Amino acid sequence: MSDDNHKKKMKAEALWIAGFLVVLAFTAGLNFYITSQKDFSIATKMTGSNSIPNGSIPIVVTGYQWAWSYTYYNSTGKQTFVDNLNITVNQSYTLVVTSIAGAQQFAVIHDLYIPQMGIQIYAVPGQNNTITFTPDKTGTFVIECVEYCGYEHYLMRGYLTVVA
Amino acid sequence: MSSTGLLITASIVLSFFFIFLFLLYYKYLSVKTEVDVAANNENYYDYSSYLIDKKKTSSAISLNSFIMNDSKSIGIRFLITSIVFFFIAGTFGVIMRVSLFYPHPTLFAGKEVLYDILTTEHAILMIYMWAIGSALGLAYYLLPRFLKLKSDKFGNFSSWSYWIWLLGGIFILLSRTSTRWYYYPPLALELTPYGAGSMNWLAVIGIEMIMIGVTISAIVLVRNIIYERSDSIPLSKMPLFAWSVLFTLIMFLASAPFLMTAMIMLFYDFVNPVFFTGSSSSPLFFAELFWTWGHPIVYIAILPQFGLIYEILPKFTGNKVYSYTSGVIALGLLLPLSELVWGHHLMESGFGIEWGLFFSTASLFVVIPSAITVFNYIGTMWTATKIRITIPMLFVINGIMDFVIGGITGVITAVLPLNEQTHGTYWVTGHFHFVFMGITVGIAFASIYMLWPSLTGGRVYNRRLAGWHFALTAVGSMIMSMGWTVGGFLGMPRYVSGYFARYQIYQDVAIIGGVIIGIGQLFFLANLLLSMSAAPQTETSNALEDAYKNLSMAGGE
Ligand code: HEM
Ligand SMILES: [Cu+2]
Ligand SMILES: [Cu+2]
């Protein structure tokens with residue numbers, strides 16, 4: 001390799017690395033920026049200090065083998081749904097998710113996932129995880145369990161209906 | 001079939017199996033006695049050192065490699081066995097893929113758990129038996145020449161290591177476990193229909209044995225690299241493949257204890273559930289222990305192949321590796337960094353934003369050494385005056401491309417907000433199949449093709465068949481992983497035997513890809529059978545092992 005050529009190659013390498021680091025730094029920045037937004041929420045273990053935000057309606061979600069049950073508190077009292085959930089658009093909700101033993105011996109890990117809402121949260125035995133979201137569109141969406149939880153795992157799914 | 005009929009068939013099959021085992025044992029004994037006598041006559045106290053002295057080493061595939069304990073024979077053992085497991089696990093893969101043709105289970109209707117068994121077995125066997133096995137095989141086979149070993153001691157340890165590892169793999173197969181490859185308790189403690197789960201304890205023992213086996217090999221190989229390396233090769237001149245094996249094995253030894261401890265505790269839980277269930281404990285403790293091993297293992301499955309790419313490229317470009325130093329540094333950086341990112345597999349489990357951001361950012365750092373490595377490959381090809389496109393070279397180029405796609409999908413899923421969308425979906429499956437198919441599978445086959453004359457005792461492979469093997473593997477895995485990646489982004493869950501009808505198109509595209517891959521591997525088998533049945537026609541040397549005299553573009557082809 002001639003000296004001149006060598007210099008050119010060095011420059012290419014420097015450019016590649018610099019360009020690469022810029023893209024990476026940009027990604028990291030975006031990561032921090034988006035997660036600092038007020039409407040961003042991710043599964044968080046419930047302790048004393050992080051309770052339900054003001055104005056957000058709590059829904060207690062329990063996963064068991066093999067269904068989701070949703071207990072919904074409003075002014076008229078409490079209501080329980082299994083598999084499917086009905087909620088109102090532009091209203092903030094906080095899911096409080098946990099796992100209990102069903103027909104089988106143990107409570108196992110599940111993972112509640114609503115792809116069209118970008119919401120995902122583990123249901124861990126003996127632990128309450130919370131996540132807050134506000135549906136901004138009406139329609140019917142899918143709810144899935146995406147952590148393998150036994151024989152009928154694939155049937156642990158339902159529909160989310162958002163009404164105006 | 002009536003149950004009597006089934007019993008009769010099973011007994012006949014079993015009898016044939018035992019007769020076969022007996023013949024094998026008989027053959028082994030007679031050969032061994034013969035060799036023992038000969039060794040005794042010439043005053044050797046152990047037959048293996050006699051064979052090594054007499055026959056030099058046998059670099060070709062033969063039954064001898066199962067009784068001889070020199071590095072090459074051990075390497076061949078691991079290589080053959082890992083290929084057998086590759087085909088077993090691959091068959092499982094194709095079957096389960098085809099079973100997903102309709103949104104509701106059809107092939108496994110009424111016994112959906114068979115799907116779960118196949119998927120779990122596929123994953124465990126591919127990772128522990130194929131990826132680790134082929135890497136160990138190539139390391140044992142190539143290192144003696146790469147390091148000009150002063151002596152080849154501890155062969156009997158390696159031999160033990162092999163048999164323990166193999167038995168572990170067989171236990172995994174027999175256990176019919178269905179707990180996914182990460183065994184989360186308390187699910188792993190639970191019994192499910194059709195026997196899936198009733199023998200989970202055997203799978204735990206199997207994994208433990210595999211880990212013990214690989215640990216022994218790791219220690220022997222690290223020792224070989226450090227102490228048995230010829231004095232003429234300082235560390236600073238050591239081939240990059242040897243570096244990559246060294247880093248891989250250190251990474252293995254550093255992270256294996258987490259899994260081995262977790263597995264012992266899990267085994268205890270089968271008897272008396274105290275560690276990961278119960279009021280003072282959480283199943284997440286196991287998950288955390290598992291992923292502390294679970295992330296390093298995915299790098300263990302590609303690092304040796306990264307090293308092999310560095311060895312293969314010069315053979316067909318006639319060019320030195322672009323930057324040896326940055327190659328070593330990048331491979332070495334992957335080691336500490338990939339021990340820090342295990343949390344990115346659990347970001348939705350309740351860690352919260354702070355820990356999520358930590359693991360997310362740490363995962364971005366892992367990309368830096370990966371990118372340096374890729375640049376090194378590109379640089380090597382780019383500064384070459386000419387590139388010879390041969391079958392191994394095609395695998396290498398395709399592997400680099402697949403790794404870039406796999407890396408980008410990895411970065412995307414490592415970003416915290418996007419992980420919430422992609423975790424638990426086929427996006428993740430797509431991400432690691434890009435890497436595994438391109439690097440782990442592709443580079444292993446590239447090396448096998450380069451070693452072909454040595455492995456088969458002087459035969460050559462059929463280029464046409466090898467070309468089809470390459471093309472079908474590359475195209476099939478691209479179609480399959482793309483179908484998964486796109487479907488996954490739209491929320492298609494992984495590890496389910498049935499799914500919402502809205503995902504059928506992505507599943508079916510992936511089936512096409514999967515079947516193409518399956519057919520491609522048959523070309524490899526055909527090639528092997530054809531060339532083995534022909535007479536030897538070249539020398540038994542190969543270009544890959546000439547680590548020190550390269551820079552010709554011949555590359556053995
Ligand atoms: C380039 C850097 C990489 C980054 C940033 C990265 C990132 C990630 C992330 C964030 C996940 C978790 C996805 C989730 O479940 O939410 C993941 C999963 C996975 N990655 Fe990577 N990855 C990288 C490279 C690799 C490589 C080289 C391999 C080796 C084949 C690999 C194999 C896997 C596997 C097997 C899983 C899935 C484990 C499972 O859930 O079963 N990754 N990766
Ligand atoms: Cu579930
Ligand atoms: Cu990882």
*Is segment B:323-344 home to any residue that is more than 9 Å from ligand 1 (Cβ to nearest atom), outside any helix (DSSP H, G or I) and closer than 17 Å to B:Ile250 by Cβ?*
yes
*Could you tell me whether any residue of segment A:129-138 is away from ligand 3 (no atom under 16 Å from the Cβ) and within 12 Å of B:Pro493 (Cβ to Cβ)?*
no
*Got a sec? Which of A:Thr98, A:Thr130, A:Thr80 is modelled with pLDDT under 95 and more than 14 Å from chain B (Cβ to nearest Cβ)?*
A:Thr80
*Select from segment A:60-101 the residues that are open to solvent by 30 Å² or more (accessible area, probe 1.4 Å), touching a strand residue (DSSP E or B) at 6+ places or on another chain (Cβ under 6 Å) and closer than 30 Å to B:Leu191 by Cα and list them in ascending order.*
A:Val60, A:Thr80, A:Phe81, A:Val82, A:Asp83, A:Asn84, A:Ile100
_Near pairs, Cβ below 7 angstrom, 6+ apart or cross-chain, from segment B:325-346 (in contact (Cβ under 8 Å) with a residue 40 or more places away in the chain) to any residue that is within 16 Å of ligand 2 (Cβ to nearest atom)_ = B:Leu346/B:Ala287
*Answer from B:Thr277, B:Thr317 - the residue that is in contact with a Lys or Arg (Cβ under 8 Å, 6 or more places away or on another chain), within 14 Å of another protein chain (Cβ to nearest Cβ) and touching a residue at least 40 places away in the same chain (Cβ under 8 Å)*: B:Thr317
_Test: residue in segment B:326-346 that is within 14 Å of ligand 3 (Cβ to nearest atom), open to solvent by less than 10 Å² (accessible area, probe 1.4 Å), touching a strand residue (DSSP E or B) at 6+ places or on another chain (Cβ under 9 Å) and facing another protein chain (nearest Cβ under 10 Å)_ = yes
*Would it be correct to say that B:Gly307 is under 20 Å from B:Ala203 (Cβ atoms), within 27 Å of the chain's Cα centre (by Cα), more than 14 Å from every other protein chain (Cβ to nearest Cβ) and within 16 Å of ligand 1 (Cβ to nearest atom)?*
no
*Name the residues in segment B:108-139 that are more than 14 Å from chain A (Cβ to nearest Cβ) and either in contact with a Lys or Arg (Cβ under 7 Å, 6 or more places away or on another chain) or polar (S, T, N, Q) (or both), would you?*
B:Ser134
_Output for segment B:285-300, where each listed residue is open to solvent by 10 Å² or more (accessible area, probe 1.4 Å) and more than 12 Å from ligand 1 (Cβ to nearest atom)_ = B:Phe285, B:Glu288, B:Leu289, B:Thr292
*Please list, ordered by first then second residue, the pairs with beta carbon atoms under 6 Å, 6 or more apart or interchain, first in segment B:360-377 and more than 22 Å from B:Leu416 (Cβ to Cβ), second open to solvent by 10 Å² or more (accessible area, probe 1.4 Å) and away from ligand 2 (no atom under 16 Å from the Cβ).*
B:Ile372/B:Ser326; B:Phe375/A:Trp16; B:Asn376/B:Tyr322; B:Asn376/B:Ser323; B:Tyr377/B:Ile400
_Any chance B:Ile408 is open to solvent by 10 Å² or more (accessible area, probe 1.4 Å) and more than 13 Å from chain A (Cβ to nearest Cβ)_ = no
*Exactly one of (1) more than 16 Å from ligand 3 (Cβ to nearest atom); (2) under 30 Å from A:Tyr122 (Cα atoms); (3) more than 10 Å from every other protein chain (Cβ to nearest Cβ); (4) modelled with pLDDT under 95 is unmet by B:Val366. Its number?*
(1)
*Looking at segment B:259-266, is at least one residue touching a helix residue (DSSP H, G or I) at 6+ places or on another chain (Cβ under 9 Å), part of a loop (DSSP other than H, G, I, E, B), within 14 Å of another protein chain (Cβ to nearest Cβ) and touching a residue at least 40 places away in the same chain (Cβ under 8 Å)?*
no
*Of the residues that sit in segment B:424-441 and are assigned to a helix (DSSP H, G or I) and within 12 Å of chain A (Cβ to nearest Cβ), which one is farthest from ligand 3 (Cβ to nearest atom)?*
B:Tyr426
*Which of the following residues is touching a residue at least 40 places away in the same chain (Cβ under 8 Å), in contact with a Phe, Trp or Tyr (Cβ under 8 Å, 6 or more places away or on another chain) and open to solvent by 20 Å² or more (accessible area, probe 1.4 Å): B:Phe436, B:Phe524, B:Phe470?*
B:Phe470
*Among the strands (runs of 3 or more DSSP E) lying completely within segment A:76-143, list those that include at least 2 residues that are touching a residue at least 24 places away in the same chain (Cβ under 8 Å).*
A:85-88, A:93-99, A:110-114, A:119-123, A:129-133
*Here are some residues: B:Gly379, B:Gly352. Which one is open to solvent by less than 10 Å² (accessible area, probe 1.4 Å), within 30 Å of B:Ser282 (Cβ to Cβ) and more than 16 Å from ligand 3 (Cβ to nearest atom)?*
B:Gly352
_Yes/no for B:Ser477 being in contact (Cβ under 8 Å) with a residue 60 or more places away in the chain, outside any loop (DSSP other than H, G, I, E, B) and over 30 Å from A:Gln120 (Cβ atoms)_ = no
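The values are calculated or read from the model by the stated rules, or taken from the named source; none is laboratory data. Given the structure is predicted, the values throughout are model-derived calculations rather than measurements. Using ideal geometry, Cβ is built from the backbone for each residue, glycine included, and neighbour counts are taken over all protein chains shown. Calculation scope for accessible area: heavy atoms of the full protein, side chains included, ligands and nucleic acids excluded. Shrake-Rupley method; radii C 1.70, N 1.55, O 1.52, S 1.80 Å.
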